[in-house]
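Below is one structure, written out as structure tokens; comments come after it.
Each reported figure results from applying straightforward, stated rules to the coordinates on display, with no laboratory input. Quick caveat, the model's predicted, so the values are computed rather than measured. Here the Cβ positions follow ideal geometry from the backbone for every residue, glycine too, while neighbour counts run over all protein chains shown.
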Amino acid sequence: MKTLKIATFNVNGIRARLPNLLAWLERERPDIACLQELKAVDRYFPKADLEAIGYASLFMGQASWNGVAILVRDAEPLEVRRGLPGTEGDPQSRYLEAAAHGVLVGCLYLPNGNPQPGPKFDYKLAWFERLIEHAATLQGSDHPVVLAGDYNVVPTDFDIYNTRSWLKDALLQPQSRECYQRLLQQGWTDALRHLYPNDRIYTFWDYFRQHWQKNAGLRIDHLLLNPTLKPCLKNAGVDAWVRNEAHASDHAPTWIELNTRKLK
DNA sequence: ATGACAGTTCCAAACTGA
């Protein structure tokens, strides 16, 4: 059976993380990989290193912060959109959309929003509203669509090891969660939670307080499927081994496998 | 309440992240 593997990975600095990124791509061989937090301008994007292992790339960098990319194996991605509608004057590089292997892929890096309350939290919610508006135009498409990325939202208390030290954090605020629920209610499927409703699943473990060693994680990297794509969903998971490597990102790659025979 | 760690930047103290 032919399958298509699509992953999302917040690399936390693509230059510092290049050896880890290449090792992951070579071992897991996703067909499409959405990257976030490049933390580099476009001239530092390692396009040639990725081509050398079979990946074509689209990227939208920015100095120091943010930055997103879409990598595609054995095909050229077709760029569809650079930035969300309504954010044309916004210098923050957080959204890239492309068609590849028969799927429309939105790669997003939602603002963190801390500290809250404050202007950064307001920016997070405003950005979320733009995403919700744009997602509404994609949700009902006859074309298969996935919205993959670092949403910076812990959807429920089941998606975190313990809420105690996070109650004031922007990732757990009712407003952040309400936006995420409103997005799902358009008709999107949270792939990992759909397949594993009763499992503790984490995609991020912060660098502090030995959170990785204690498995004190958060689930904040999500892949959302529109109704056209949902019947193709076959499997999903987190490549947690990547988080255990030397010089790891604080996020682990999160992925879905699709049965492409059911596409179209 | 703070800071624990990590990456970035006019190269080093300050910022952002989650």
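Compute the distribution of all C-alpha to C-alpha distances in chain A, in bins of 5 Å from 0, and list the percent of pairs in each, rounded to whole numbers.
1, 6, 14, 19, 22, 18, 13, 6, 1, 0, 0
Kindly give the semi-axes, whole Å and largest first, of the ellipsoid equivalent to segment A:173-230, taking each as the square root of 5 times a Cα gyration tensor eigenvalue.
26, 14, 9
For chain A, give me every cysteine whose Cβ has no other Cys Cβ within less than 4.7 Å, ordered by residue number.
So far as the 4.7 Å Cβ criterion goes, A:C179, A:C232 stand without a partner in chain A.
So if R0 is 30 Å, what FRET efficiency would A:N259 and A:D90 give, r being the distance between their Cβ atoms, rounded to the nearest 0.05?
After rounding, the FRET efficiency stands at 0.20.
Run the quick spin-label model on A:R182 and A:R15: label points 7 Å from Cα toward the beta carbon, then report their separation in nm to one decimal.
Going by the 7 Å Cα→Cβ label model, 3.8 nm.
I'd like to know which of A:Q186, A:F128, A:I256 lies farthest towards the positive end of the charge dipole of chain A, counting +1 on Cβ of Lys and Arg and -1 on Cβ of Asp and Glu.
Result: A:I256.
Report the charge-dipole magnitude of segment A:47-125 in Debye, nearest 20, computed about the Cα centre from +1 at each Lys and Arg Cβ and -1 at each Asp and Glu Cβ.
Around 260 debye, computed over segment A:47-125.
For all pairs of alpha-carbon atoms in segment A:122-196, what percent lies in each bin of width 10 Å, listed from the first bin to the last filled one?
16, 50, 28, 5, 0
Do the sum for chain A: with -39,500 (n - 2.57) for every DSSP H run of n ≥ 4, divided by all residues, what is the mean residue ellipticity at 222 nm, to the nearest 500 deg cm²/dmol?
Calculated mean residue ellipticity at 222 nm is -6500 deg cm²/dmol.
Once you order the gyration tensor axes a ≥ b ≥ c over the Cα atoms, which shape class does segment A:124-264 get: rounded for a/c under 1.5, otherwise prolate or oblate by comparing a/b with b/c?
oblate
Please work out the Cα center distance from segment A:23-50 to segment A:115-141, rounded to the nearest Å.
What the calculation gives is 25 Å, centre to centre.
For the residue pair A:Q175 and A:E51, what label-to-label distance in nm results when each label sits 7 Å from Cα along the Cα-to-beta-carbon direction?
Here the modelled spin labels are 4.5 nm apart.
Calculate the dipole size of segment A:1-70 relative to its Cα centre from +1 charges on Lys and Arg beta carbons and -1 charges on Asp and Glu beta carbons; express the result in debye to the nearest 20.
60
Using +1 at the C-beta of Lys and Arg and -1 at the C-beta of Asp and Glu, which of A:G149, A:L195, A:H211 has the Cα lying farthest in the positive direction of the dipole of segment A:147-213?
Among A:G149, A:L195, A:H211, the one farthest towards the positive end of the dipole of segment A:147-213 is A:H211.
Give me the distance in nm between label points sitting 7 Å out from Cα along the Cα-to-Cβ direction at A:W241 and A:K168, one decimal.
4.1
Checking the a/c ratio against 1.5 first, then a/b against b/c, what shape does the Cα gyration tensor give for segment A:1-80?
It is prolate, given that a/c is not under 1.5 and a/b is the larger ratio.
Determine the alpha carbon to alpha carbon distance for each of A:K2/A:K230; A:K5/A:K47; A:K120/A:K214 and list only those over 26 Å.
From A:K2/A:K230; A:K5/A:K47; A:K120/A:K214, over 26 Å: A:K120/A:K214.
With no solvent and one equal point scatterer placed on each C-alpha of segment A:39-128, evaluate the Debye formula and give log10 I(q)/I(0) for q = 0.17 Å⁻¹, two decimals.
With no solvent term, the Cα-only Debye profile gives -0.77.
Rank the residues A:M60, A:M1 as a footprinting-exposure proxy: fewest other Cβ atoms within 10 Å of their Cβ go first.
Placing the least packed residue first, the sequence is A:M1, A:M60.
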